[in-house]
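The values are calculated or read from the model by the stated rules, or taken from the named source; none is laboratory data. These figures come from a predicted structure and were not determined experimentally. Cβ: placed from backbone, ideal geometry, glycine included. Neighbour counts: every protein chain shown. Note: accessible area is taken over every heavy atom of the protein model, side chains too, but ligands, DNA and RNA are not part of it. Shrake-Rupley method; radii C 1.70, N 1.55, O 1.52, S 1.80 Å.
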Amino acid sequence: MKRLYTHFGDRAFAGTLLLLALGVAVLAVLMAFELYQGGSLALSRFGLWGFALGSQWDPVIQKSFGAWPYILGTVLVSLSALLLSFFPALATAIFAAEYAPRWLAQIINFLLDLMAAVPSVVYGLWGIFVLAPWIRDQVQLPLYLWAAEKAPWLLPLLGNPTGYGLMTAILILASMIIPFTAALARDAIALVPREHREAAYALGATRWEVMRMAILPLARGGIIAGAFLALARAIGETMAVTMVIGNSHKLPYTLFGGAATMPSVIANEFTEAVEDLHLSALIAVGFLLFWVSMAVNFIAAYLLRRQERLVKGVM
Amino acid sequence: MLPAGQVRRPEKELALRARYRKERFMMILVGLGTGLAFLVLFLVIAYALAQGAGALNLDFFLKDMRPPGETGGGLRQAIVGTLIVDGLGLLIALPFGLAAGILLAEYPDHPVNPFLRLLSDTLNGMPAILFGLLAFVLLVKPMGGFSGLSGSFALGFLMIPILARSTEGVLSLVPKEIREAGLALGLPRWRVILSLVLPTARAGLITGVLLAFARAAGEAAPLLFTAFGSPLLELNPLKPMDTLPLRLFAFAISPYDDWHRQAWAAGLVLFGLITLTSLLARWASRRI
């Protein structure tokens, strides 16, 4: 009798756990469903492809909504930020994992944690008051003055010298996503078995040769997974980007000009959207954002899992 | 003809010297890259200290904000609001996140696990603003208005996958022997988990909870259209509530110098709150 009772206790406990844990699945399904539902007004009006590829976003006069400028803005900003941040991030990981003495490596790890913990709004604040004015005065204005005199045909490409735009957003974003790439790359490098290094050192390789020939090839999967994770962060980053990107409805055609991304347009317009169609269009942008992030995160998770198996196999 | 070694020696030396040169060059490059990585972080912290420290005084913590154009006042309403909205969010997230983590770690053969793990990983990287949209559609619209509670739900949604993964990670560090000892004594599995595994992992669990709290405390995006913000102290979670990141955002894009100063101060306080929580988490993982 007692045994049956404990059996029942186990089942009840596991059942409760399962019920609660399925909250995670419910959350994901609910998000996909509710965002679709919320955006259905706009999606049915313009069609999924019409909405995703339409380049006119005019909530006031034409009342037509196309998300293409924001999709393009998101792609431009996040890919450029990833590209720009990859080298410093990888260097930090290599330095922390192989070159630095223990105490320095610990400081670097602490700084990486710190960098990931600084709130997005604080980066945005710095962007508004320090980076944007600096870019305006030191980069845009000189270029603008020079072009006005020597190459007037360049002027449209330089945009209005305000300091707000794609370039500022890319610079801030690149700095913000460094910790994600760096931390995963560091872990991947640290996981490479000691024997691999020792064998290479025994052959007389220099430290860099060991890194290039024995460590990086094995850690590659983890490094790429980290880059994808950083990309996912970059795609979804909202506040800092909203604060410096200039929030333009038009298609981004120059690095210096204003633009917007999918999250930034939602953040920027949501509380101003009084009409149902406008609100629905913004939620529909969220729906697209959901699937883009889902895909990128999925790839990151897959690569990480494969890397774990690979390293285990080698050991 | 000379023996081969004598001819080749200078060549070998040259090759070796080139390899050393490359080694030094790469070392410098790696060092430069590391410095570059932290450049913006240092600049941000330096500016926040230079600009915000002056606006930090007792009033900042004890008074509500003043109307536009008037100087003085503080951000009491935002500080209290951050703690309430974030705290309620944590309460919402705890049962779901902990349960998912326990299931993943303690029932490794459970059929839903691969699926559950993939979903928590994916949700972990979801843009925070989407959790805000979800809370808006689920709560703000039906309730007919912005509220601190809907903000708590947005942050709670955000914390669930973080808690799930950290709980799983911590529980997998608990030695197998502890579970085996419990089972050998005839304890049912649920008692082993509740009375042996979880208490053993207590420090790590607390660390995970604190880190989830810190992560959510810095979020503004999901609160823009849920908690919304309020200029006065509000303790009723059914009303719109202020939080530090929200207020910082509003102040940063305002045209007033005094508000800009307070935005920097808010950044410092927010940063301090998050760092303090993370330090507490580190301390907890070592001490408790």
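Within chain B, the whole DSSP H helices whose Cα atoms reach 18 Å or more along their own axis and whose mean Kyte-Doolittle score is at least 1.0 are B:76-106, B:148-171, B:202-217. In order along segment A:212-220, phi translates into HN-Hα couplings of 6, 9, 9, 9, 4, x, 6, 8, 3 Hz, rounded to whole numbers, per the Karplus curve 6.51 cos²θ - 1.76 cosθ + 1.60 with θ = phi - 60° and x for Gly and Pro. Net charge in the neighbourhood of B:Leu133 (other residues with Cβ under 13 Å of its Cβ; Lys, Arg +1, Asp, Glu -1) is -1.
Ranking A:Trp153, A:Trp126, A:Trp208, B:Trp190 from most to least accessible surface, computed with a 1.4 Å probe over the protein chains only, gives A:Trp153, B:Trp190, A:Trp208, A:Trp126. Distance from the alpha carbon centroid of segment A:191-248 to that of segment A:42-103 works out to 20 angstrom.
Taking a ≥ b ≥ c as the square roots of the eigenvalues of the Cα gyration tensor of segment B:214-288, is the shape rounded (a/c under 1.5), prolate (a/b larger than b/c) or oblate? Cα axes put segment B:214-288 in the oblate bin. Of B:Leu244, B:Leu163, B:Leu39, the residue with the greatest mean-square motion in the GNM of chain B, using alpha carbon springs below 10 Å, is B:Leu39.
Listed values for segment A:59-76 are Karplus-derived 3J(HN,Hα) couplings in whole Hz (6.51 cos²θ - 1.76 cosθ + 1.60, θ = phi - 60°), namely x, 9, 8, 6, 6, 10, 10, x, 8, 4, x, 7, 5, 4, x, 4, 4, 4, and x replaces Gly and Pro.
Ignoring ligands, DNA and RNA, what percent of the accessible area of the protein assembly as shown is carbon or sulfur (1.4 Å)? Carbon-and-sulfur percentage of accessible area, whole number: 67. Counting Lys and Arg as +1 and Asp and Glu as -1 over every other residue whose Cβ lies under 12 Å from the Cβ of B:Glu168, the net charge comes to 0.
The gain in end-to-end length when the A:Leu251 to A:Asp276 segment is fully stretched comes to 6.6 nm, 0.36 nm per residue minus the alpha carbon separation. Between B:Val40, B:Val137, B:Val197, the residue with the greatest mean-square fluctuation in the GNM of chain B (Cα pairs under 10 Å linked by springs) is B:Val40. The residue list A:Ala219, A:Thr168, A:Ala202 was ranked by how far each Cα lies along the charge dipole of segment A:107-247 toward its positive end, using unit charges on Cβ atoms, and A:Ala202 comes out on top.
Would you tally the net charge around A:Gly258, using a Cβ to Cβ cut-off of less than 15 Å, leaving A:Gly258 out, and scoring K and R as +1, D and E as -1?
Working: positive: A:Arg136, A:Lys250; negative: A:Glu269.
So the surrounding residues net to +1.
Remark: segment B:117-249 carries a charge dipole of roughly 240 debye about the Cα centre, counting +1 on each Lys and Arg Cβ and -1 on each Asp and Glu Cβ.
Helix-only estimate, please: 222 nm mean residue ellipticity of chain A, summing -39500 (n - 2.57) across DSSP H runs of length 4 or more and dividing by its residues, to the nearest 500.
On the way: 14 runs with 228 residues, N = 315.
After summing the helix terms and dividing by the residues of chain A, the value is -24000 deg cm²/dmol.
Go ahead and set up a Gaussian network model of chain B, Cα springs under 10 Å, then flag whichever of B:Glu13, B:Glu234, B:Glu168 fluctuates most. Maximum fluctuation in the GNM of chain B, among the listed residues, is at B:Glu13.
Taking amide H atoms as placed 1.01 Å from N in the peptide plane, the amide H of A:Trp57 lies under 5 Å from those of A:Gly66, each 5 or more residues away in sequence or on another chain.
What is chain A by shape, rounded, prolate or oblate, if you read a ≥ b ≥ c off the alpha carbon gyration tensor as root eigenvalues and call it rounded for a/c under 1.5, prolate for a/b larger than b/c, and oblate otherwise?
Because a/c hits 1.5 or more and a/b fails to exceed b/c, chain A counts as oblate.
Distance between the modelled labels on A:Ala202 and A:Phe129, one decimal in nanometres: 5.9 nm (7 Å Cα→Cβ projection).
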